[in-house]
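Worksheet for the structure shown next.
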Amino acid sequence: MDDPRTWLALLNTAAFLLCVAFLSYVGLITRRFVQPRRAARTGPVDHAVHLVVPCLDEEEVVAGTVQHLVTAFPDATVWCVDDASEDATGELLAQAARVWPSVRVVSRHAPEARQGKGAALNAAWRAIDAELGPDVDRSRVLVGVVDADARLDPSCLAVVCGPELFGDPAVSAVQVQVRVVEDVDALTSTCPLALVDAADPSGDRLLVQLQDLEFTGPIAAMQTLRRATGSVGMGGNGQFTRLSTLDRIAAEHDVPWHGALLEDFELGLHVLLTGGRTEYTDDTFVAQTGLLSVKPLLRQRSRWAQGGMQCARYWRSVVTSPVVPLTAALEITYYLAVPWSQLLGALVFPAAIGVDLHYAFTTAGGAAGWWVSGAWGLLPLALVFGVVPHVMWGPLYRHASGGHVSRRRALALGLANAAYAYLLQAAVWWALWRVVRGRHDWKKTARTTTARSAHPVETPLPRTPVPAAAGATSGAQR
């Protein structure tokens, strides 16, 4: 081990193995993502639906969201959890509850409040449980989670109640595709992705569209693979779960949602560990407002990365569970290892490059001799391993949009996505720093006040109550 070349070989081997693992996974998700798929069949909304909206200082957006939900889904009950907001959120929600009979407000106060999204969702679960009668078929009750700045596709409930999803009694939870835009009200179901070509100045700015590319590209591809492996993950927005499944988790663990900062993925693990089945669909979507600057984006992703690190504690339970399929356990193992492999790669790759550069300038003949002697092969390897897997999502984004993104813009997005992917690795180090410091508090991502989707506090609610549809408040007893 005294020979520096031995260290170079070890570094290059480690870098190569990390790249092979990454490329193998990319190949698996891409293969299924590009295959033609039959659109999911819709079904009658024959389940009672309770939509939960966690709210913490959401005065700029919550009025529009509540109005959207009660208008688009008049038979659903909308539960708004005010998590001790310090702005006008509480007043807006109280007004909404007076206007619409299907709106419920759950108010949380210190010291219980502001303990994270999972705690707020548990409060809603308790409130729903208290309102339902003893004779309710809880397997026919769906609890959906909608962010305070989100819009659900109007056909969402018909899709998730279709025969391949909640129409199948074996399905316990469903995650719908997430879209990220600046103006959530402009996104409709008239086009599968309803994309505006960002070359047009009226289109979403680059950072927002990169977030949308991430969710409709790599993340959607991962979920497509997970449908085959039986390991579909839940997301914090647009997630639907049978109430009976939440009850089953609570029976074992006291409450459905737990303390991880990635409470949505954690819930999905508990669904699988209690014998449930999770599903994903991109035939409908939930739209959310994108972040317009880098710092809040990194803060958000550092919370997600730290949550993923926390969920590593479930690995042993997953791989030893008799009810989790082997394919699911393998895919979950890979996902739980991602933050750690990113940290390792951030050390291995620069070190390997540094050693290579050292030899480039110390080999006989200098850098030119080193290059001619065979080092030229490093460049195509670097492109294949480090650039192409990120750039390719630009053209795939265009393909998924049905051509609504120009070829030129798709290429530009792909190139920008390579930089975006490496930028997000900074969030993993931020997460590790929080772990080292013992920081596990939940930090809300600051709302982007300049987004075109914002509905400021002065947004008026209708003065005349919208009549509740038949069964809107008692539909849970169907």
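FYI, it's all coordinate maths here, none of it is from the lab. As the structure is a computational prediction, the values presented were derived from the model and not from experiment. In this analysis, Cβ positions are derived from the backbone assuming ideal geometry, glycine residues included, and neighbour counts consider all displayed protein chains.
Protection proxy ranking, highest mean first, for peptides 343-356, 48-61: 48-61, 343-356, where packing is the per-residue count of other beta-carbon atoms within 10 Å, averaged. The label point for L330 and the one for L23, both projected 7 Å from the Cα toward the Cβ, are 2.0 nm apart.
Taking one quarter of the surface of the convex hull spanned by the alpha-carbon atoms of region 1-132 gives a direction-averaged projected area of 15.6 nm².
Fully extending the segment from S244 to R316, taken as 0.36 nm per residue of separation minus the present Cα-Cα distance, adds 23.4 nm. Grab the other residues whose beta carbon is less than 12 angstrom from that of E263, score K and R as +1, D and E as -1, and report the net. Cβ neighbours under 12 Å give a net charge of 0. In a DSSP loop and with at most 10 other Cβ atoms within 10 Å, the trypsin sites (Lys or Arg not before Pro) in region 1-102 are R38. For region 253-350, the alpha-carbon coordinates run over 43, 38, 30 Å along the three principal axes, in decreasing order. The residues neighbouring E279, those whose beta-carbon lies less than 14 Å from its own, together hold a net charge of +2 under the Lys/Arg +1, Asp/Glu -1 convention. Among 406-415, 112-121, 261-270, 239-248, the peptide with the highest mean count of other Cβ atoms within 10 Å heads the list, and the full ranking is 261-270, 239-248, 112-121, 406-415. Per-residue 3J(HN,Hα) values for region 242-250, derived from phi via the Karplus relation 6.51 cos²θ - 1.76 cosθ + 1.60 with θ = phi - 60°, read 5, 4, 4, 5, 4, 4, 5, 5, 5 Hz in sequence order (x marks Gly and Pro). First select every other residue whose beta carbon is under 14 angstrom from the beta carbon of D168; then total the charges, Lys and Arg +1, Asp and Glu -1. Computed value for this residue: +2. Scanning residues 5 or more positions from C80 or on other chains, those with amide H under 5 Å from its amide H are V53, R104, V105, V106, with H placed 1.01 Å from N in the peptide plane.
Given their separation in residues at 0.36 nm each and the Cα-Cα distance between them, S155 and S107 gain 14.3 nm when the chain is fully extended. Rounded to the nearest Hz, the phi-derived 3J(HN,Hα) couplings of region 30-46 under the Karplus curve 6.51 cos²θ - 1.76 cosθ + 1.60 (θ = phi - 60°) are 5, 4, 6, 5, 8, 6, x, 10, 6, 5, 5, 7, 7, x, x, 7, 9, where x marks glycine and proline.
In whole angstrom, note down how far apart the Cα centers of region 301-362 and region 111-190 are. Centre-to-centre distance over Cα atoms comes out at 30 Å. The label point for L411 and the one for S293, both projected 7 Å from the Cα toward the Cβ, are 3.3 nm apart.
Computing FRET efficiency as 1/(1 + (r/R0)^6) for V387 and H358, where r is the C-beta to C-beta distance and R0 is 22 Å, gives about 0.40. In this simple spin-label model, placing a label point 7 Å from the Cα along the Cα-to-Cβ direction at both T6 and R126 gives a separation of 6.1 nm.
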